[in-house]
Ligand SMILES: [Zn+2]
(Lines give C-alpha, C1' and ligand atoms only; values in the text may rest on other atoms or scores of the structure.)
Protein backbone atom coordinates (compact mmCIF):
# COMPACT_ATOMS: atom_id res chain seq x y z
CA UNK A 1 0.00 0.00 0.00
CA UNK A 2 1.15 3.55 -0.72
CA UNK A 3 0.46 6.01 2.08
CA UNK A 4 0.77 9.81 1.82
CA UNK A 5 0.69 11.97 4.94
CA UNK A 6 -0.27 15.59 4.23
CA UNK A 7 0.66 17.61 7.32
CA UNK A 8 0.40 21.30 8.15
CA UNK A 9 3.78 21.66 9.86
CA UNK A 10 6.94 19.53 9.72
CA UNK A 11 6.47 17.97 13.21
CA UNK A 12 2.86 16.99 12.41
CA UNK A 13 4.21 14.41 9.96
CA UNK A 14 5.15 12.14 12.86
CA UNK A 15 3.72 13.43 16.16
CA UNK A 16 0.12 12.76 15.02
CA UNK A 17 0.61 9.34 13.45
CA UNK A 18 4.28 8.22 13.65
CA UNK A 19 3.49 5.01 15.54
CA UNK A 20 0.93 3.97 12.91
CA UNK A 21 3.36 4.81 10.09
CA UNK A 22 6.03 2.67 11.78
CA UNK A 23 3.62 -0.30 11.76
CA UNK A 24 2.83 0.23 8.07
CA UNK A 25 6.50 0.41 7.13
CA UNK A 26 7.11 -2.83 9.08
CA UNK A 27 4.23 -4.29 7.07
CA UNK A 28 6.03 -3.45 3.81
CA UNK A 29 3.93 -0.39 2.90
CA UNK A 30 5.51 2.71 1.39
CA UNK A 31 5.09 5.93 3.36
CA UNK A 32 5.60 9.45 1.99
CA UNK A 33 5.31 12.40 4.36
CA UNK A 34 4.68 15.95 3.16
CA UNK A 35 4.61 19.18 5.16
CA UNK A 36 2.67 22.03 3.59
CA UNK A 37 4.23 24.91 5.56
CA UNK A 38 7.68 25.63 6.92
CA UNK A 39 6.12 26.08 10.36
CA UNK A 40 8.59 28.85 11.11
CA UNK A 41 6.42 31.73 12.23
CA UNK A 42 4.56 30.01 15.00
CA UNK A 43 6.93 27.31 16.15
CA UNK A 44 10.51 28.35 15.60
CA UNK A 45 12.42 29.42 18.69
CA UNK A 46 14.56 32.06 16.93
CA UNK A 47 12.10 33.43 14.34
CA UNK A 48 9.08 33.49 16.62
CA UNK A 49 10.88 35.10 19.54
CA UNK A 50 12.95 37.55 17.47
CA UNK A 51 10.15 38.78 15.20
CA UNK A 52 7.47 39.17 17.81
CA UNK A 53 9.18 42.36 18.89
CA UNK A 54 10.32 45.28 16.74
CA UNK A 55 12.79 44.07 14.12
CA UNK A 56 13.22 47.26 12.08
CA UNK A 57 16.99 46.97 12.72
CA UNK A 58 17.13 43.98 10.33
CA UNK A 59 17.47 44.43 6.56
CA UNK A 60 15.29 42.35 4.21
CA UNK A 61 18.43 40.44 3.21
CA UNK A 62 19.15 39.56 6.85
CA UNK A 63 15.54 38.49 7.39
CA UNK A 64 15.61 36.24 4.29
CA UNK A 65 18.91 34.72 5.37
CA UNK A 66 17.61 34.02 8.89
CA UNK A 67 14.48 32.37 7.48
CA UNK A 68 16.58 30.17 5.20
CA UNK A 69 18.87 29.15 8.05
CA UNK A 70 16.01 28.29 10.39
CA UNK A 71 14.16 26.39 7.67
CA UNK A 72 17.22 24.20 7.18
CA UNK A 73 17.42 23.49 10.92
CA UNK A 74 13.72 22.61 11.18
CA UNK A 75 13.74 20.38 8.10
CA UNK A 76 16.80 18.52 9.29
CA UNK A 77 15.21 17.93 12.73
CA UNK A 78 11.98 16.70 11.12
CA UNK A 79 13.93 14.32 8.86
CA UNK A 80 15.87 12.90 11.84
CA UNK A 81 12.59 12.40 13.73
CA UNK A 82 10.90 10.69 10.74
CA UNK A 83 13.93 8.44 10.29
CA UNK A 84 13.31 6.97 13.77
CA UNK A 85 10.08 5.46 12.38
CA UNK A 86 11.78 4.36 9.14
CA UNK A 87 10.29 7.23 7.07
CA UNK A 88 12.73 8.42 4.44
CA UNK A 89 10.50 9.79 1.65
CA UNK A 90 9.85 13.30 2.96
CA UNK A 91 8.61 16.25 0.91
CA UNK A 92 8.51 19.90 1.97
CA UNK A 93 6.13 22.16 0.07
CA UNK A 94 7.85 25.23 1.62
CA UNK A 95 4.68 27.28 1.99
CA UNK A 96 5.25 30.39 4.10
CA UNK A 97 2.96 30.05 7.11
CA UNK A 98 2.15 33.76 7.37
CA UNK A 99 -1.26 33.23 5.77
CA UNK A 100 -2.42 29.72 4.96
CA UNK A 101 -5.63 29.56 3.05
CA UNK A 102 -7.18 27.32 0.44
CA UNK A 103 -6.06 28.73 -2.91
CA UNK A 104 -6.19 27.28 -6.42
CA UNK A 105 -2.38 27.25 -6.67
CA UNK A 106 -2.02 25.35 -3.36
CA UNK A 107 -4.65 22.82 -4.43
CA UNK A 108 -2.74 22.29 -7.71
CA UNK A 109 0.48 21.71 -5.76
CA UNK A 110 -1.20 19.10 -3.55
CA UNK A 111 -2.83 17.46 -6.60
CA UNK A 112 0.57 17.25 -8.31
CA UNK A 113 2.02 15.60 -5.21
CA UNK A 114 -0.84 13.06 -5.17
CA UNK A 115 -0.43 12.25 -8.87
CA UNK A 116 3.27 11.69 -8.19
CA UNK A 117 2.97 9.55 -5.02
CA UNK A 118 -0.20 7.67 -6.13
CA UNK A 119 -1.36 6.95 -2.58
CA UNK A 120 -4.02 4.37 -1.72
CA UNK A 121 -4.44 6.10 1.61
CA UNK A 122 -4.05 9.80 2.44
CA UNK A 123 -3.61 10.68 6.12
CA UNK A 124 -4.25 14.33 6.94
CA UNK A 125 -5.68 16.70 9.56
CA UNK A 126 -9.29 16.95 10.64
CA UNK A 127 -10.62 19.82 8.46
CA UNK A 128 -12.59 21.49 11.27
CA UNK A 129 -9.97 22.15 13.96
CA UNK A 130 -10.60 25.26 16.08
CA UNK A 131 -11.94 28.16 13.99
CA UNK A 132 -11.90 25.88 10.89
CA UNK A 133 -10.86 28.53 8.34
CA UNK A 134 -7.58 30.06 9.60
CA UNK A 135 -6.28 27.16 11.69
CA UNK A 136 -3.30 25.65 9.82
CA UNK A 137 -4.28 22.06 10.55
CA UNK A 138 -7.89 22.57 9.45
CA UNK A 139 -6.83 24.39 6.27
CA UNK A 140 -4.33 21.60 5.50
CA UNK A 141 -7.11 19.02 5.83
CA UNK A 142 -9.26 21.09 3.46
CA UNK A 143 -6.37 21.48 1.00
CA UNK A 144 -5.79 17.72 1.09
CA UNK A 145 -9.45 17.00 0.27
CA UNK A 146 -9.48 19.58 -2.54
CA UNK A 147 -6.16 18.18 -3.82
CA UNK A 148 -7.58 14.65 -3.84
CA UNK A 149 -10.53 15.81 -5.94
CA UNK A 150 -8.25 17.74 -8.31
CA UNK A 151 -5.77 14.83 -8.68
CA UNK A 152 -8.64 12.63 -9.84
CA UNK A 153 -9.05 14.96 -12.80
CA UNK A 154 -6.65 15.84 -15.56
CA UNK A 155 -4.38 18.86 -15.36
CA UNK A 156 -2.89 20.25 -18.55
CA UNK A 157 -0.08 21.81 -16.47
CA UNK A 158 0.87 18.44 -14.96
CA UNK A 159 1.50 15.63 -17.42
CA UNK A 160 1.39 12.89 -14.78
CA UNK A 161 -1.57 10.51 -14.99
CA UNK A 162 -4.68 11.34 -12.97
CA UNK A 163 -4.91 9.44 -9.66
CA UNK A 164 -7.85 8.51 -7.48
CA UNK A 165 -7.20 8.07 -3.75
CA UNK A 166 -8.98 5.06 -2.20
CA UNK A 167 -9.28 6.12 1.43
CA UNK A 168 -8.70 9.12 3.68
CA UNK A 169 -7.89 8.95 7.39
CA UNK A 170 -7.84 12.05 9.59
CA UNK A 171 -5.11 11.95 12.24
CA UNK A 172 -6.87 13.20 15.33
CA UNK A 173 -5.20 15.35 17.97
CA UNK A 174 -6.82 16.48 21.24
CA UNK A 175 -7.89 19.83 19.72
CA UNK A 176 -10.04 17.92 17.21
CA UNK A 177 -12.27 16.00 19.56
CA UNK A 178 -13.24 18.94 21.73
CA UNK A 179 -15.03 22.06 20.52
CA UNK A 180 -13.32 25.19 21.86
CA UNK A 181 -14.50 27.65 19.22
CA UNK A 182 -18.04 28.63 18.33
CA UNK A 183 -17.24 28.20 14.63
CA UNK A 184 -16.51 24.49 15.00
CA UNK A 185 -19.27 23.73 17.44
CA UNK A 186 -20.86 20.46 16.42
CA UNK A 187 -17.88 19.58 14.23
CA UNK A 188 -15.67 17.85 16.79
CA UNK A 189 -14.03 14.74 15.32
CA UNK A 190 -15.34 11.30 16.14
CA UNK A 191 -12.52 8.77 16.38
CA UNK A 192 -13.70 5.60 14.66
CA UNK A 193 -10.36 3.79 14.49
CA UNK A 194 -7.63 3.42 17.09
CA UNK A 195 -4.10 2.15 16.49
CA UNK A 196 -2.35 0.65 19.51
CA UNK A 197 1.12 2.27 19.48
CA UNK A 198 2.25 1.06 22.92
CA UNK A 199 5.09 -0.89 21.26
CA UNK A 200 6.64 2.24 19.71
CA UNK A 201 5.82 4.93 22.23
CA UNK A 202 9.52 5.36 23.06
CA UNK A 203 10.12 6.35 19.42
CA UNK A 204 7.33 8.92 19.65
CA UNK A 205 8.94 10.56 22.68
CA UNK A 206 12.38 10.57 21.07
CA UNK A 207 11.01 11.96 17.79
CA UNK A 208 9.22 14.84 19.52
CA UNK A 209 12.40 15.63 21.46
CA UNK A 210 14.26 15.99 18.11
CA UNK A 211 12.36 19.25 17.42
CA UNK A 212 14.66 21.42 19.50
CA UNK A 213 14.10 24.42 17.21
CA UNK A 214 10.53 24.57 18.51
CA UNK A 215 11.53 24.08 22.14
CA UNK A 216 10.38 20.45 22.36
CA UNK A 217 13.61 19.70 24.23
CA UNK A 218 12.21 21.43 27.34
CA UNK A 219 12.86 18.71 29.96
CA UNK A 220 9.82 16.48 30.31
CA UNK A 221 7.82 18.02 27.43
CA UNK A 222 8.11 15.13 24.94
CA UNK A 223 7.24 12.60 27.66
CA UNK A 224 4.33 14.64 29.01
CA UNK A 225 2.75 15.43 25.64
CA UNK A 226 2.89 11.74 24.70
CA UNK A 227 1.30 10.73 28.01
CA UNK A 228 -1.54 13.23 27.77
CA UNK A 229 -2.20 12.70 24.05
CA UNK A 230 -1.52 9.04 23.28
CA UNK A 231 -1.92 7.93 26.89
CA UNK A 232 -5.37 9.55 27.02
CA UNK A 233 -6.47 7.93 23.75
CA UNK A 234 -5.08 4.59 24.93
CA UNK A 235 -7.01 4.79 28.20
CA UNK A 236 -10.26 5.16 26.23
CA UNK A 237 -9.75 1.71 24.72
CA UNK A 238 -7.66 0.09 27.46
CA UNK A 239 -4.23 0.03 25.89
CA UNK A 240 -1.22 1.98 27.18
CA UNK A 241 -0.91 4.33 24.17
CA UNK A 242 -2.95 4.86 21.02
CA UNK A 243 -3.22 7.09 17.96
CA UNK A 244 -6.75 8.01 16.91
CA UNK A 245 -8.17 8.31 13.40
CA UNK A 246 -11.44 9.23 11.76
CA UNK A 247 -11.86 7.24 8.57
CA UNK A 248 -13.63 9.23 5.85
CA UNK A 249 -15.26 6.56 3.68
CA UNK A 250 -17.12 3.52 5.05
CA UNK A 251 -15.09 0.36 4.50
CA UNK A 252 -16.57 -2.45 2.43
CA UNK A 253 -16.53 -6.22 2.92
CA UNK A 254 -18.70 -9.32 3.08
CA UNK A 255 -18.66 -9.55 6.88
CA UNK A 256 -18.77 -7.08 9.75
CA UNK A 257 -15.44 -7.24 11.61
CA UNK A 258 -15.16 -7.36 15.42
CA UNK A 259 -11.56 -7.14 16.62
CA UNK A 260 -10.06 -9.40 19.31
CA UNK A 261 -9.41 -6.26 21.32
CA UNK A 262 -13.08 -5.26 21.17
CA UNK A 263 -13.98 -8.75 22.47
CA UNK A 264 -11.44 -8.33 25.26
CA UNK A 265 -13.03 -5.00 26.23
CA UNK A 266 -16.35 -6.80 26.49
CA UNK A 267 -15.22 -9.92 28.31
CA UNK A 268 -11.67 -9.25 29.60
CA UNK A 269 -10.47 -9.19 33.15
CA UNK A 270 -11.01 -5.71 34.58
CA UNK A 271 -7.77 -5.80 36.59
CA UNK A 272 -5.73 -6.71 33.49
CA UNK A 273 -7.41 -3.98 31.45
CA UNK A 274 -6.59 -1.40 34.12
CA UNK A 275 -3.03 -2.71 34.33
CA UNK A 276 -2.68 -2.13 30.58
CA UNK A 277 -3.50 1.59 30.88
CA UNK A 278 -1.39 2.00 34.02
CA UNK A 279 1.82 1.56 32.01
CA UNK A 280 3.70 4.88 32.22
CA UNK A 281 6.35 3.98 29.68
CA UNK A 282 6.42 7.35 27.88
CA UNK A 283 7.26 9.34 31.00
CA UNK A 284 10.23 7.04 31.64
CA UNK A 285 11.84 7.36 28.19
CA UNK A 286 15.33 8.85 28.48
CA UNK A 287 15.84 11.63 25.95
CA UNK A 288 19.26 13.04 26.78
ZN1 LIG B 1 1.03 21.51 13.55
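The values are calculated or read from the model by the stated rules, or taken from the named source; none is laboratory data. Not measured: the values here are computed from a predicted model. Glycine gets a Cβ as well: all are built from the backbone with ideal geometry, and neighbour counts include every protein chain shown.
May I ask you to list the residues in the stretch 58-90 that are assigned to a helix (DSSP H, G or I), in contact with a helix residue (DSSP H, G or I) (Cβ under 8 Å, 6 or more places away or on another chain) and under 30 Å from residue 25 (Cα atoms)? Selection gives 70, 71, 73, 74, 77, 78, 80, 81, 82, 84.
May I ask you to list the residues in the stretch 172-182 that are assigned to a helix (DSSP H, G or I) and surrounded by 15 or more Cβ atoms within 10 Å (Cβ to Cβ)? Selection gives 175, 176.
Residues of the stretch 6-35 that are more than 10 Å from the ligand (Cβ to nearest atom) and either within 13 Å of residue 137 (Cα to Cα) or not in a helix (DSSP H, G or I) (or both): 6, 17, 27, 28, 29, 30, 31, 32, 33, 34.
Among all positions in the stretch 99-108, there is at least one residue which is under 19 Å from residue 43 (Cα atoms) and in contact (Cβ under 8 Å) with a residue 40 or more places away in the chain. Residue check: is residue 197 touching a strand residue (DSSP E or B) at 6+ places or on another chain (Cβ under 6 Å), over 17 Å from residue 36 (Cβ atoms) and touching a residue at least 60 places away in the same chain (Cβ under 8 Å)? Yes. For first residues located in the stretch 202-227 and within 14 Å of residue 241 (Cβ to Cβ), partners that are part of a helix (DSSP H, G or I) and at pLDDT below 95 and lie 6+ apart or on another chain with Cβ distances below 6 Å form the pairs 205/282; 223/282; 223/283; 226/282; 227/282; 227/283. Is it true that residue 162 is more than 30 Å from residue 48 (Cα to Cα), in contact with a helix residue (DSSP H, G or I) (Cβ under 8 Å, 6 or more places away or on another chain) and crowded, with 24+ Cβ neighbours inside 10 Å? No, not satisfied.
Any residue in the stretch 184-199 that is under 21 Å from residue 230 (Cβ atoms), touching a helix residue (DSSP H, G or I) at 6+ places or on another chain (Cβ under 9 Å) and in a helix (DSSP H, G or I)? Among the residues of the stretch 184-199, at least one is under 21 Å from residue 230 (Cβ atoms), touching a helix residue (DSSP H, G or I) at 6+ places or on another chain (Cβ under 9 Å) and in a helix (DSSP H, G or I), which makes the answer yes. Among the residues of the stretch 119-172, the ones that are without any contact (Cβ under 8 Å) to a residue 24 or more places away in the chain, away from the ligand (no atom under 14 Å from the Cβ) and within 20 Å of residue 190 (Cα to Cα) come to 1 in all.
The residue that is nearest to residue 78 (Cα to Cα), counting only those in the stretch 36-57 that are within 16 Å of the ligand (Cβ to nearest atom) and touching a helix residue (DSSP H, G or I) at 6+ places or on another chain (Cβ under 6 Å), is 38.
Within the stretch 110-132, the only residue that satisfies the criterion of being farther than 24 Å from residue 247 by Cβ and either crowded, with 20+ Cβ neighbours inside 10 Å or modelled with pLDDT under 95 (or both) is 131.
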